[in-house]
Amino acid sequence: MQYQQQSGYITGSPAPTADEKTWGMIAHLSGLGTSFFYMPFLGPLLIMLIKGKESAWVEQQAKEALNFQILITALVWGGSILTATIILSCIGLPVAILGGLFGLVMSIIAGIKANNGETYRYPATPRLVK
């Protein structure tokens with residue numbers, strides 16, 4: 001199906017469509033599903049590459065989720081590596097656990113906001129993918 005994209009959204013309206021809201025929510029929550037494979041950035045990346053071509057709003061939400069999941073991946077992987085060393089395990093374990101919990105909570109909040117059609121920006125997240 002071909003979409004004519006105007007004003008950043010599929011329909012050209014100032015608000016995202018129901019389909020765009022759903023894909024925006026999936027972009028944020030997909031990090032939770034792919035975190036079981038220790039790669040939470042994979043879900044938002046796939047949505048950005050597949051659905052981002054159809055909608056600028058979905059692409060924006062997927063990029064935001066991707067940037068955040070890259071940060072969470074770095075925290076959890078870094079904490080896990082530090083935990084492997086006996087001396088630094090008292091730092092690494094809390095970093096990995098708190099990073100994972102922070103990622104869980106913020107992804108759920110962002111998914112709810114995206115489903116409501118709101119643009120959400122994660123706090124303290126570097127913009128690596130623009």
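The values are calculated or read from the model by the stated rules, or taken from the named source; none is laboratory data. Being a predicted model, the structure only gives us computed values, none of them experimental. Cβ placement follows ideal geometry from the backbone for every residue including glycine, while neighbour counts extend to all protein chains displayed. These accessible areas exclude ligands, DNA and RNA; they are computed on the full protein's heavy atoms, side chains included. Shrake-Rupley method; radii C 1.70, N 1.55, O 1.52, S 1.80 Å.
Given Cα positions, please report Rg to Rh for the chain, the hydrodynamic radius being the Kirkwood one.
Here Rg/Rh amounts to 1.07.
Rounded to the nearest whole Å², what accessible area per residue is found for the chain with the 1.4 Å probe?
Details: 7320 Å² over 130 residues.
With all protein chains present, the chain gives 56 Å² per residue.
Gain in length, I87 to L101, computed as 0.36 nm per residue apart minus the alpha-carbon separation, to one decimal in nm?
Gain on stretching I87 to L101: 2.7 nm.
In degrees, nearest 10, range 0 to 90: what is the angle between the Cα axis of helix 89-115 and the longest Cα principal axis of the chain?
10
Give the peptides 85-96, 36-47, 108-119, 16-27 in descending order of average Cβ contacts within 10 Å, highest first.
Packing proxy ranking, top to bottom: 16-27, 36-47, 108-119, 85-96.
Please report, in debye to the nearest 20, how large the charge dipole of the chain is about its Cα centre when each Lys and Arg carries +1 at its beta carbon and each Asp and Glu carries -1 there.
180
If a/c stays under 1.5 just call it rounded; otherwise compare a/b with b/c (prolate if a/b is bigger, oblate if not). Do that for the stretch 41-80, with a ≥ b ≥ c from the square roots of the Cα gyration tensor eigenvalues.
Note, shape of the stretch 41-80 comes out prolate.
What is the extension gain from K53 to F37, computed as 0.36 nm multiplied by their sequence separation minus the C-alpha to C-alpha distance, in nm to one decimal? Walk me through the numbers on the way to the answer.
On the way: separation 16, 0.36 × 16 = 5.76 nm, distance 2.59 nm.
That pair, K53 and F37, stretches by 3.2 nm at full extension.
Could you run the Debye sum over the Cα atoms of the stretch 67-109, one equal point scatterer each and no solvent, and tell me log10 of I(q)/I(0) at q = 0.21 Å⁻¹, two decimals?
Those come out to -0.58, one per q.
If each residue of separation counts as 0.36 nm, what is the full-extension length gain between N115 and A74 once their alpha-carbon separation is subtracted?
Values: separation 41, 0.36 × 41 = 14.76 nm, distance 2.68 nm.
Length difference between fully extended and current span is 12.1 nm.
On the protein heavy atoms, probe 1.4 angstrom, tell me the percent of accessible surface of the chain carried by carbon and sulfur.
Ligands and nucleic acids excluded, carbon and sulfur give 71 percent.
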